[in-house]
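Below you'll find the structure, written out as structure tokens, and then a few comments.
The values are calculated or read from the model by the stated rules, or taken from the named source; none is laboratory data. Every value quoted in this text rests on a predicted model; they were computed, and no experiment measured them. Quick reminder, even Gly has a Cβ in these numbers, built from the backbone with ideal geometry, and neighbours come from all protein chains shown. What goes into the accessible areas is simple: the full protein's heavy atoms, side chains included, and nothing from ligands, DNA or RNA. Shrake-Rupley method; radii C 1.70, N 1.55, O 1.52, S 1.80 Å.
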Amino acid sequence: MRHLARLTDYCTITNMHAKNLAIVWAPNLLRSKQIESACFSGTAAFMEVRIQSVVVEFILNHTEVLFSSKFSSVIRDGAG
């Protein structure tokens, strides 16, 4: 995730903003067996992928906080 977040630093050159990267990478990072099965129609699958891309975009925009050692220790200490 940090690598993808770093790619957003070059968005002026590549036009790959966090949103664009999320659209491309979300189906692979948050793979859903439900989408791959026959029970999802085109519209339902599109909505599911849209939700995945929003989640990945959020993660890309907050990578430094979410994957910091300080945040990890707060989560670990609060879990008990």
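Do the conditions hold for S53, that is, is it farther than 14 Å from I23 by Cβ, assigned to a helix (DSSP H, G or I) and either of a type in the set (S, T, Y) or modelled with pLDDT of 90 or more (or both)? When the stated conditions are applied, S53 does not pass them.
Return yes when I35 is open to solvent by 90 Å² or more (accessible area, probe 1.4 Å), modelled with pLDDT under 90 and assigned to a helix (DSSP H, G or I) and no when it is not.
Considered against the rule, which asks whether it is open to solvent by 90 Å² or more (accessible area, probe 1.4 Å), modelled with pLDDT under 90 and assigned to a helix (DSSP H, G or I), I35 comes out as no.
The single condition from (1) open to solvent by 100 Å² or more (accessible area, probe 1.4 Å); (2) polar (S, T, N, Q); (3) at pLDDT 95 or above that N20 fails is (1).
Might you let me know whether segment 39-46 holds any residue that is open to solvent by 90 Å² or more (accessible area, probe 1.4 Å), modelled with pLDDT under 95 and in a helix (DSSP H, G or I)? Yes, there is a match, as at least one residue in segment 39-46 is open to solvent by 90 Å² or more (accessible area, probe 1.4 Å), modelled with pLDDT under 95 and in a helix (DSSP H, G or I).
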